[in-house]
C-alpha cells in the first residue's frame with residue numbers, strides 16, 4: 001500500500017542503524033542542515049563550541065545513541081558535530097533555554113525566537129476505553145517546513161526492542177512504540193532551569209529502547225538531562241504515566257489516579273512545576289487545546305476508542321488555536337493514533353481533518 005509518510009527500515013549495530021537512516025533520509029537531512037546554517041549564520045560556530053559539554057555528557061551516559069548519530073552523519077555526509085548540535089534544542093531555541101540558563105546566548109538582545117512546536121495529547125486505559133485497550137491520540141505541531149522531513153523509522157538495533165517511530169529527518173524521534181509494549185507521546189515544554197546535560201531530544205531515543213515502564217520512566221528522569229519534554233509513557237499492561245519535567249524537577253501523574261485518562265498540551269499543569277514555566281506568552285494558546293483534551297477524557301470516559309481518538313485530533317473548537325491547528329508559526333504536520341494493546345499505529349500526514357489515516361504496524 002501507499003504510505004503517507006515514507007518508511008525507513010534499519011537493522012544492525014547502532015552505528016549501522018544510524019548509517020542506514022542517513023542514507024535513506026539524505027535529502028531531508030541535508031535540507032534541514034542547510035536550513036539551520038541559514039537561520040543561525042555566523043552564530044553557528046559559537047553554538048558548536050557551546051554544544052561540546054552536551055556531547056560529553058551524552059557520550060558518558062548514552063554512548064549507543066551517540067554511535068547512532070555518528071553513523072547517521074556518515075551516511076548523510078554531514079559533520080557529526082553539526083548533526084549533534086541539530087539535536088540540542090537547549091541551545092537552538094531561546095524558549096527552551098529558559099530565563100536563567102547558565103550558558104550564554106549567541107543572539108542575546110535580538111529578542112525571543114518564535115515558537116515552532118506544539119502538541120496535543122489524549123491517553124486512555126481501562127476503565128476509560130471501550131474495548132479495554134490502551135489508546136493514545138497525538139497531534140504534532142511544527143514549523144511548516146517539517147512537513148517535508150517526516151519519516152516513519154523502524155529501529156532494529158542489536159540488543160533493543162524493535163521501535164516504530166515518527167521521526168523528523170529519520171533520526172530525531174517525535175513519538176513511537178516498541179514491541180516490548182512501551183509507547184511514548186508527549187509535548188514541548190519550556191522551563192527556566194535548562195542546563196548542560198543530555199539533550200532531551202536524544203533522551204527520547206533511550207526511553208523507547210526500554211523493555212518496561214519502570215526503565216522508561218528512569219530514562220525520562222535521568223539526572224543528567226539538560227531539560228525535559230512532557231513525556232507520556234504508556235505500557236500495554238494498562239499503566240500510563242505523565243512525566244511533566246524540567247531539567248531539575250518533575251511531577252508524575254498516573255492514569256489510574258484519573259479514571260484511566262491523561263491529557264496534556266504545552267504548558268505546566270502540576271502545581272509544583274508552575275515556577276519553572278518560561279513561556280508564559282504561549283500558555284493561552286496551549287490552554288485551549290488542553291481544555292478540549294480534558295473535555296474528551298471526561299465526556300467519553302468508558303467509550304474511548306479509535307473513533308473517539310480520531311474525532312479528538314480533528315477537533316476545531318477554539319480555532320485557530322484548536323487541537324487540529326491550521327494557523328500560526330506551527331501547524332499540525334502529522335497526527336497519530338496508537339492502539340498499544342494491539343501494537344498498531346495509524347498516521348495522517350498534515351491536518352487529520354483533511355487527510356486519511358493509514359496503518360503502520362510493528363512486525
Open item on the list: Step by step: first the residues of the stretch 24-65, then only those that are touching a strand residue (DSSP E or B) at 6+ places or on another chain (Cβ under 9 Å) and closer than 20 Å to residue 76 by Cα, then the one that is surrounded by the fewest Cβ atoms within 10 Å (Cβ to Cβ). Which residue is that?
Closed with: 64
- [ ] With respect to residue 333, determine if the residue is within 24 Å of residue 145 (Cα to Cα) and modelled with pLDDT of 95 or more.
- [x] yes
Open item on the list: Can you pull out every residue in the stretch 272-290 that is surrounded by 15 or more Cβ atoms within 10 Å (Cβ to Cβ) and either in contact with a helix residue (DSSP H, G or I) (Cβ under 8 Å, 6 or more places away or on another chain) or touching a residue at least 24 places away in the same chain (Cβ under 8 Å) (or both)?
Closed with: 273, 276, 277, 278, 279, 282, 285, 286, 288, 289, 290
TODO: Please specify each residue of the stretch 204-240 satisfying the condition of being touching a strand residue (DSSP E or B) at 6+ places or on another chain (Cβ under 9 Å), under 26 Å from residue 192 (Cβ atoms) and assigned to a loop (DSSP other than H, G, I, E, B).
DONE: 221, 222, 224, 226, 227, 228, 229
- [ ] Go through the stretch 309-325 and give me each residue that's surrounded by 14 or more Cβ atoms within 10 Å (Cβ to Cβ), in contact (Cβ under 8 Å) with a residue 24 or more places away in the chain and at negative phi.
- [x] 309, 310, 312, 313, 314, 316, 321, 322, 323, 324, 325
- [ ] Check every one of the strands (runs of 3 or more DSSP E) wholly within the stretch 248-347 and list those with 3 or more residues that are over 13 Å from residue 124 (Cβ atoms) and assigned by TED's automatic domain parsing to the domain that holds residue 219.
- [x] 250-254, 330-339
Task: Selection within the stretch 48-58 - over 11 Å from residue 84 (Cα atoms) and touching a helix residue (DSSP H, G or I) at 6+ places or on another chain (Cβ under 8 Å) - done: 50
Task: Check on residue 249, over 29 Å from residue 131 (Cβ atoms) and surrounded by fewer than 18 Cβ atoms within 10 Å (Cβ to Cβ) - done: yes
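The values are calculated or read from the model by the stated rules, or taken from the named source; none is laboratory data. Given the structure is predicted, the values throughout are model-derived calculations rather than measurements. Cβ: placed from backbone, ideal geometry, glycine included. Neighbour counts: every protein chain shown.
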